[in-house]
Amino acid sequence: MDLEKIRTIIEKDFSAKNKVREKGLIHSRKTIQLSGNAIRSIHRGEQEKAKKMIAEAREELSQASAELKDHRDIYFAGFMQNAEKEYVEAEATLALITGKPLPEPDSLEVGYAQYLNGLGEAVGELRRHILDLIRHDELEKGDKLLDLADDIFYLMASFDYPDAITYSLRRTQDITRSIMEKTRGDLTTAIRQKSLQKSINELQEKL
């Protein structure tokens, strides 16, 4: 039994996997960083800057996929799925806040589970934007965005499959539901306060 030969074969395989893993990690981390920065730019109203960073994030994701195309076990180790989810979140946040149609998963070249989880996380960004709209007394816009968040939640809730297939979509559903309930409460309170203030003003004018 030539154990040294066996060791050499395995060492060569492990070494190759480790090299592509490191390259994939670099690109996936850049994808996550760019996606996060893009979302921050969206909230600051810097849409063109956000679009540029999202395009860069997509390129990083594509490079990571290319590096790992012959090593599917490494591709599905987890870090790529997280990068895809963060990229989807950025794309979805931009579309929702700017009033554009949501991009489809195949056009983004991401897994379906990552797509759904990314949409769920985008609802959290919608909450932040809706709170900004409440502060600026743009309640109607906030109400429309909440309707979009409802649509996303019902899309997610329509899938009932094991976590091994959906990458813990149930957990994302639970978080999304909680975010929506809080946001609906905040928006309802703001609408009632505005209505009450309007009634008070009308009464004062009559006195």
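Only the coordinates and a few stated rules stand behind these numbers; no lab work does. Here the structure is a predicted model, which is why all the values come from computation and not from measurement. FYI the Cβ positions are ideal-geometry reconstructions off the backbone, even for glycines, and counts take in every protein chain you see.
Give the share of C-alpha pairs in each 5 angstrom bin for the range 115-171, from 0 to the last occupied bin, in whole percents, shortest bins first.
P(r) over the range 115-171, rounded to whole percents: 4, 19, 25, 18, 13, 10, 6, 3, 1.
Setting aside same-chain residues fewer than 8 positions from LYS206, which lysines have a Cα under 16 Å from its Cα?
Partners found: LYS198.
Find which of LEU146, GLY24, ASN37 sits farthest along the positive direction of the dipole of the chain, computed with +1 on the beta-carbon of Lys and Arg, -1 on that of Asp and Glu, about the Cα centre.
The residue sitting farthest along the positive end of the dipole is ASN37.
What is the magnitude of the charge dipole of the chain about its Cα centre, with +1 placed on the Cβ of each Lys and Arg, -1 on the Cβ of each Asp and Glu, and no other charges, expressed in debye to the nearest 20? Provide the component values of the computation, followed by the final result.
Values: 33 positive and 37 negative charges, 103 e Å.
Roughly 500 debye for the chain.
May I ask which of LYS17/LYS52; LYS23/LYS85; LYS12/LYS69; LYS49/LYS144; LYS100/LYS194 have a Cα-Cα span longer than 22 Å here? Please report the intermediate quantities before stating the final value.
On the way: LYS17/LYS52 32 Å; LYS23/LYS85 19 Å; LYS12/LYS69 18 Å; LYS49/LYS144 25 Å; LYS100/LYS194 29 Å.
Cα-Cα > 22 Å for LYS17/LYS52; LYS49/LYS144; LYS100/LYS194; rest within.
Please check which bits of the range 100-119 a label hung off ASP150 would reach, taking the label as a point 7 Å along Cα-to-C-beta and the cut-off as backbone N under 20 Å.
Only 100-102, 119 pass the distance filter.
Mind checking which of THR172, GLN204, GLY118 is farthest towards the positive end of the chain's charge dipole, using Cβ charges of +1 (Lys, Arg) and -1 (Asp, Glu) about the Cα centre?
Looking along the dipole axis, the top candidate is GLN204.
List the relative contact order of the chain as a percent without decimals, with contacts defined as Cα pairs under 8 Å and 6+ residues apart. List each step's numbers first, then the result.
Details: 203 pairs, mean separation 33.8, N = 207.
It rounds to 16 percent for the chain.
Please report, to one decimal in angstroms, the Kirkwood hydrodynamic radius of the range 111-207 built from all distinct Cα-Cα pairs. All intermediate terms of the calculation are to be shown ahead of the outcome.
Values: mean 1/r = 0.0675 Å⁻¹.
This gives a value of 14.8 Å.
Quick check: from the Cα gyration tensor, does the range 1-101 come out rounded (a/c under 1.5), prolate or oblate?
Working: a/c = 4.48, a/b = 3.70, b/c = 1.21.
Prolate, because a/c is 1.5 or more and a/b exceeds b/c.
Taking Cα atoms, how many degrees apart are the long axis of helix 3-43 and the longest axis of the chain, rounded to 10 and kept between 0 and 90?
20
What order do you get for PHE76, PHE153 when you list them from fewest to most C-beta neighbours inside 10 Å?
Ranked by crowding around the Cβ, least crowded first: PHE76, PHE153.
Filter the trypsin sites (Lys or Arg not before Pro) in the range 65-161 down to the DSSP loop ones having no more than 10 other Cβ atoms within 10 Å, then list what survives.
Working: sites: LYS69, ARG72, LYS85, ARG127, ARG128, ARG135, LYS141, LYS144; in loops: LYS69.
Here the sparse-neighbourhood loop sites are LYS69.
Can you show me the helix-derived [θ] at 222 nm for the chain, built from DSSP H runs with n ≥ 4 at -39,500 (n - 2.57) apiece and divided by the number of residues, rounded to the nearest 500. Please list the in-between numbers first.
Working: 9 runs with 175 residues, N = 207.
Dividing the helical sum by the residues of the chain leaves -29000 deg cm²/dmol.
Quick one: Karplus J couplings for the range 102-116, per residue in order, coefficients 6.51, -1.76, 1.60, θ = phi - 60°, nearest Hz, x for Gly and Pro?
Computed from phi, the couplings for the range 102-116 are 5, x, 7, x, 5, 5, 8, 6, 10, x, 5, 5, 5, 4, 5 Hz.
Would you mind working out the magnitude of the charge dipole of the range 1-101 relative to its Cα centre, with +1 at each Lys and Arg C-beta and -1 at each Asp and Glu C-beta, to the nearest 20 Debye? All intermediate terms of the calculation are to be shown ahead of the outcome.
Working: 19 positive and 17 negative charges, 47 e Å.
Its charge dipole is roughly 220 debye.
Return the label of the correct value of Rg and Dmax of the Cα atoms in Å, as calculated from the structure shown, out of (1) 19.7, 62; (2) 17.9, 56; (3) 22.4, 103.
(3)
Please tell me the relative contact order of the range 1-101 in percent, rounded to the nearest whole number, where contacts are Cα pairs under 8 Å and at least six residues apart. Please report the intermediate quantities before stating the final value.
Working: 89 pairs, mean separation 34.5, N = 101.
Relative contact order here is 34 percent.
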